Amino acid sequence: QVQLVESGGGLVQAGGSLRLSCAGSGRTFGRYAMGWFRQAPEKEREFVAAISWTGANTDYADSVKGRFTISRDNAKNTVYLQMNSLKSEDTAVYYCAAGRGPILTTLHREYDYWGQGTQVTVSS
């Protein structure tokens, strides 16, 4: 069993920054890819960013490239999402997820474990 707990969400003005954290436990955290997804009201959950098990490879949705940065600290079993230049359209519940293997993927179905989510609200 894997537990993922997100934190760091909140209310921020457009143009501001937030840093999300996701603490993992229950298996060897460092051997698996991790991802961030988000879901806005009445919309489907969408991919935001992913990182391979070593952190050497990352991928981002086009909508967040150049503004968001995913990183991980395997010694702390934690993955981060630094969000800069936030826009109102970034408002959503953000979820972290643990992949099935070491290679990153953007596909929702390739992630087996999910956190409970953290709300990010960007006011314009």
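Details
- The range 59-113: trypsin sites (Lys or Arg not before Pro) in DSSP coil with no more than 15 other Cβ atoms inside 10 Å: Lys65, Arg67, Lys87, Arg100
- Sorted largest first by accessible area at a 1.4 angstrom probe radius, with every protein chain in place, the residues Glu89, Glu46 fall in the order Glu89, Glu46.
- In the chain, the DSSP beta bridges split such that about 90 percent are antiparallel, to the nearest 5.
- Distant-in-sequence amide H partners of Tyr113 (H built 1.01 Å from N, under 5 Å): Ala98
- Cβ-placed point charges (K, R +1; D, E -1), dipole of the range 28-82 about Cα centre in debye, nearest 20: 180 debye
- Rounded percent of accessible protein surface that carbon and sulfur make up, the chain, 1.4 Å probe: 46 percent
- Pairwise label distance in nanometres, Ser123 with Gln1, each label 7 Å out on the Cα-Cβ vector: 3.9 nm
- Dividing the mean sequence gap of close Cα pairs (under 8 Å, 6+ apart) by how many residues the chain holds gives a relative contact order of 36 percent.
- Extension gain, Lys76 to Leu107, is 8.6 nm, computed as 0.36 nm per intervening residue step minus the present C-alpha separation.
- Signed unit charges on C-beta, dipole axis of the range 13-124, positive-most listed residue Tyr95, Ser123, Asn77: Asn77
- Placing +1 on the Cβ of every Lys and Arg and -1 on the Cβ of every Asp and Glu, with no other charges, gives the chain a dipole of roughly 300 debye about its Cα centre.
- Note, ³J(HN,Hα) from phi for the range 86-91, Karplus 6.51, -1.76, 1.60, rounded to Hz, x at Gly and Pro: 5, 10, 4, 6, 7, 4
The values are calculated or read from the model by the stated rules, or taken from the named source; none is laboratory data. The shown structure was predicted, so the numbers you read here are calculated from the model rather than taken from an experiment. So basically every Cβ, Gly included, is an ideal-geometry build from the backbone, and we count neighbours across all protein chains shown. Just the protein is used for accessible areas: all its heavy atoms, side chains included, with ligands, DNA and RNA removed. Shrake-Rupley method; radii C 1.70, N 1.55, O 1.52, S 1.80 Å.
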